[in-house]
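Asks: Please see the structure below; I have some questions.
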Amino acid sequence: RPRRGMGAGHNKPDFSECDLNGDGKIVEKEFNEARSKRRSERARQGYRMKHMDSAPSFKDIDTNADGAIS
C-alpha cells in the first residue's frame with residue numbers, strides 16, 4: 001500500500017485551497033496564485049517538483065470556457 005501522498009492522484013489540492021475568496025468558484029487569477037503558493041510551499045518542504053510542465057492549465061480545467069471552475 002502506498003504511503004499517504006505517494007503515487008498518482010495524491011497530494012492534489014482541494015477546491016477550497018484554490019477558491020481563495022470563498023465564493024464557490026475559482027477564476028484564473030485565484031488558480032494561478034494558489035498554484036504558485038502550493039509549488040513554493042512544496043519546494044520549501046523539499047519535495048521534488050515532478051511533472052510541472054505537464055500540469056493542466058486553467059483553460060484545460062475550465063472545460064465550458066466560462067472563466068471559472070465551480
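Asks: Could you give each residue of the stretch 28-33 its phi-based ³J(HN,Hα) in whole Hz, using Karplus coefficients 6.51, -1.76, 1.60 with θ = phi - 60°, and x for Gly or Pro?
Replies: Ordered by residue, 3J(HN,Hα) equals 4, 4, 4, 4, 5, 5 Hz.
Asks: Quick one: if you stick a label point 7 Å off each Cα along the C-beta vector at ASP60 and GLU41, how many nm between them?
Replies: That separation, rounded to one decimal, is 2.1 nm.
Asks: What's the extension gain from GLU28 to MET52 if we count 0.36 nm per residue and subtract their Cα-Cα distance?
Replies: That pair, GLU28 and MET52, stretches by 6.9 nm at full extension.
Asks: Under the Karplus relation 6.51 cos²θ - 1.76 cosθ + 1.60, θ = phi - 60°, what is the ordered set of whole-Hz ³J(HN,Hα) values for the stretch 40-51, x standing for Gly and Pro?
Replies: Calculated HN-Hα couplings, in order: 5, 5, 5, 5, 4, 7, x, 6, 5, 9, 7, 6 Hz.
Computed from the coordinates by the stated procedures, all read-outs in this text should not be read as laboratory data. Because the structure is predicted, anything quoted here is derived from the model rather than measured. A quick note on method: Cβ atoms are made from the backbone with ideal geometry, for glycine too, and the neighbour counts reach across all protein chains shown.
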